[in-house]
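Quick notes on the structure that follows.
The values are calculated or read from the model by the stated rules, or taken from the named source; none is laboratory data. Since the model is a prediction, treat every value here as computed from it, not as a measurement. Because the Cβ atoms are built from the backbone with ideal geometry, glycine has one as well, and the counts that use them run over all protein chains shown. Side chains are part of the model used for accessible areas, which takes the heavy atoms of the whole protein and leaves out ligands, DNA and RNA. Shrake-Rupley method; radii C 1.70, N 1.55, O 1.52, S 1.80 Å.
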Amino acid sequence: MAIETIHRPGALKQTNKTHKHGKHASKRELERVAKGKVNLKTLTRRPNRQQSRDERRQQANQLRKNKRQEAIALKRAIGGALTAPFLTCVLPLNDMIDPNSAMAILEGCDPEATVMKVSDRVRYMNVPRFRQRFSFVIPETGHGRELNVLDALKVCDSVILLLTAVAGETDEVIDKAGAKVLNMALTQGLPTPMVCLMDMESINPKKRSQVKTNIQKAVSTVLPDEKVMQLDKLTDALNLLRRIGGQKRKVTHNRCNRPHMLGERVEYVPSAPEPVQSERPTGTLKVTGFVRGVPLSVNQLVHIPGLGEFQLESVAFPTDPYRMRKLEDGEMSSEEQKPPLVADPDQQTSLQRENVPDAMDAEQTWPTEDEIAASRAENQKKLIKRVPKGMSDYQASWIPDIEEQDEDEDDDDDDDDDDDEQYMSCESDTESKVGGKDGETDDDGQQFDEISVSEEISADRYDKEMDLEEERSTLAKIQAAKVDEIFPDEIDTPADRPARERFIKYRGLESFRTSPWDVKENLPFDYARIYQFQNFDHTKRRILREAQQKEGDDVVMPGWYARLHVKNVPQDLWTAFTSAGNGERLIVYGMLPHEQQMSVMNVCLKRTQNSTIPIQSKERLIVQCGYRRFIVNPIYSQHTNGDKHKYERFFRPGMAVVATFFAPIQFPPAPILCFRENPDTSLSMVASGSLLACNPDRVVLKRVVLSGHPYKINRKSATIRYMFFNPDDVAYFKPCKLRTKLGRVGHIRESLGTHGHMKCVFDAQLKSHDTVLLYLYKRVFPKWTYEDCVVSCRDVEGEGGESSASSAVPKGERSVTFNAKVEMMQE
């Protein structure tokens, strides 16, 4: 009988892991349990899987087809028989060029073309060969007319830049005035350009190629992608028209996001006199032209540069006089079949610009009688009467009293003492440098050399033309900006006034980047007059989307020929506008919702290359923001990403800053151009940039740096002097942190003596040449100095034929400030 044995595996036997039941399920098991049911999240979730080759090819074809359809729709939206014509600006870049000669070549290029001359500056042209319509605008150029050219370029689809070959033989292809206008146009946003060269037939045939090469090099420095076209023959003009109608046009979002119209026919109808005489007689302004951009509602507001903002009374649809096909007898046009649109007073947008704050809405604390008496004593102004010596009392009674201005009338005057003291000290130093006379001695006691009679006469004539006061103030401003650049924000502690009183509005920060600052703390009264968005970016996207998709019975579609009836236009304002030469044509912009309301605008600016004089903060500037032009006194701050931004006293050349000021709301993108008025009343562009956002919560902190010097230095501590001059100031600023120029950090431990010496502790031993600094901050706000440039700050001719920028009628006003709540505009 055999013995049964049990096989036992050895040490080298392979052992497999057992199957883990229940810890996870396979896809097959899950499908068996689900029994065909599909989860809702799985069904609605986009499958994240790799597409096949056919699916990728189909998707690419669909995207290509959609882009092609969008390009064709954009191309057919203008220039056709039933759409608005191509609007082209003809701009000469040299005084030797007559734009009418170029228009004569364009008008004679096709014998079948129909040319209709509306005025000397506006012409229409129908070309049956291309089945397209063209409109040409010739703006007024010359000294003081630069802004007039910019207004025309804002609404044009393309621009023809005219050059002459005669100037190509010299070094000045584009003259000084043309370069100035072209620089402004490029900064604002130049439409689709075309560079045309004329007068090539007058050049020697052997030199033509060289002249054209020189002009092409000069143009490439400004417009590197543009090729110079010749415009001397009829075939050249035909090629130019073909290019205008078939080229890809640049998209200017500031123009395309809003309805606009170039008024070719303008008529002013005064209103009938009312039984009760109004304060200001008004009338209705009828503007006729093609509506472009996005749909225009009869209930929305319109803005006319140089006149202001108005409401529409109605919109009529006259027959298009520039039709390619003439109407037969008895046939009605599509425009005549459209009924006129009348504005609905219930749905019409209000012209209210400012919020009306409730003075009782803020926290009220009734003062005591002692506080009222003290306030009256402080606000009481002293009357001064200056009487010549020896005058009797009866004669002195006829001299009017002189009211002395209170030093603390404006809150910001005391806040800007450090700026004024620095500026005035530099201005006093310049009196010895500017304005010396002949025959005086210099500092070394040497006599000036004598000059001839003719040289003396020419020097006297030159001195009469020079503004000596402007020379002194400019030199003082340059010196103050240089001192602020070398010693940023450093000021001397006043010895005759306690520092705790001088800097009572300032506070110290542990860290400028991370320390909190309440954005609603101690807001001025002007912030109760403005509007604020809960989410500006969300509102901007919604409004721009609704403007593109606007439909209804009260809407005028782009491309329609319409007549806008603008109501309540002041008669005296229109008279001043027409006297400036602007009555022949004007531009009408349709305003988006909320764009008539005031708020705090923040724009990013950068100095131009040809501007070298520093701009002081709160200095008067003429700002062109999109389709608006106004006068403000902005404050400047650093362009950083934090929640707090450092205030800049000067806007120096080469800097990029953020300017903050009160202005009507405008949605970006919008180009910004800043101009400064010269002593001869001409305008010079000093800065340019773009609109950032409308944000009243931007915190701009003004920094003041108090400096002290080591008197005795120990290993961890040091005795500091010259920062304060009494022990009370040392105790007041004891919680503030100290820093040095070499990177040491410390704090005040105690006061020593009675002359402001203090013992300070630092993280390391100080150097003998180190300087101890104390940083103090306070929030600054812009002043309400908004002035709308009505009548036009560019085209009113003064004496001597020079343009004046002082004709702007101020609409804003200064106001006192106190704490109030911010009016929030709900979505």
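Overview of results
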item: Highest average packing first - 613-625, 527-539, Cβ atoms within 10 Å; result: 613-625, 527-539
item: Cα gyration tensor category, rounded, prolate or oblate, for the stretch 236-276 with a/c compared to 1.5; result: oblate
item: Over 28 Å between alpha carbons, listed pairs Lys482/Lys712; Lys646/Lys734; Lys212/Lys250; Lys154/Lys644; result: Lys482/Lys712; Lys154/Lys644
item: R0 of 41 Å, Cβ-Cβ distance Lys176-Asp537: FRET efficiency to nearest 0.05; result: 0.45
item: Local electrostatic count, Lys227, Cβ distance below 11 Å [Lys/Arg +1, Asp/Glu -1]; result: 0
item: Local net charge near Phe733, Cβ-Cβ under 11 Å (Lys/Arg +1, Asp/Glu -1); result: +2
item: Where Cα atoms sit under 16 Å apart: lysine pairs in the stretch 9-151 separated by 8 or more or lying on different chains; result: 4
item: Percent antiparallel among DSSP beta bridges (both partners in the stretch 75-250, rounded to 5); result: 35 percent
item: Rounded if a/c under 1.5, otherwise prolate or oblate - the stretch 121-178, Cα gyration tensor axes; result: oblate
item: Inter-part distance where the stretch 481-548 and the stretch 202-272 are each reduced to a Cα centre, Å; result: 46 Å
item: HN-Hα J in Hz across the stretch 129-137 - Karplus 6.51, -1.76, 1.60, θ = phi - 60°, x for Gly and Pro; result: 4, 9, 6, 9, 10, 10, 9, 10, 10
item: Using a Förster distance of 22 Å, the FRET efficiency for Ala359-Asn522 (Cβ separation, nearest 0.05); result: 0.80
item: Of all accessible heavy-atom area on the stretch 75-250, the percent that carbon and sulfur account for (1.4 Å); result: 50 percent
item: Per residue, in Å², the accessible surface of the stretch 75-250 once ligands and nucleic acids are set aside, probe 1.4 Å; result: 43 Å²
item: Inter-label distance, nm, simple model (7 Å from Cα along the C-beta direction), Ser26/Glu107; result: 8.8 nm
item: Peptides ranked, highest mean first, by Cβ atoms within 10 Å: ranges 9-20, 298-309, 702-713, 348-359; result: 298-309, 702-713, 348-359, 9-20
item: Separation in nanometres of the label points that stand 7 Å from Cα toward Cβ, at Ser202 and Gln247; result: 2.5 nm
item: Peptides 282-293, 134-145 ordered by average Cβ neighbours within 10 Å, highest first; result: 282-293, 134-145
item: Net charge contributed by nearby residues that have their C-beta within less than 9 Å of Met655 (K/R +1, D/E -1); result: +2
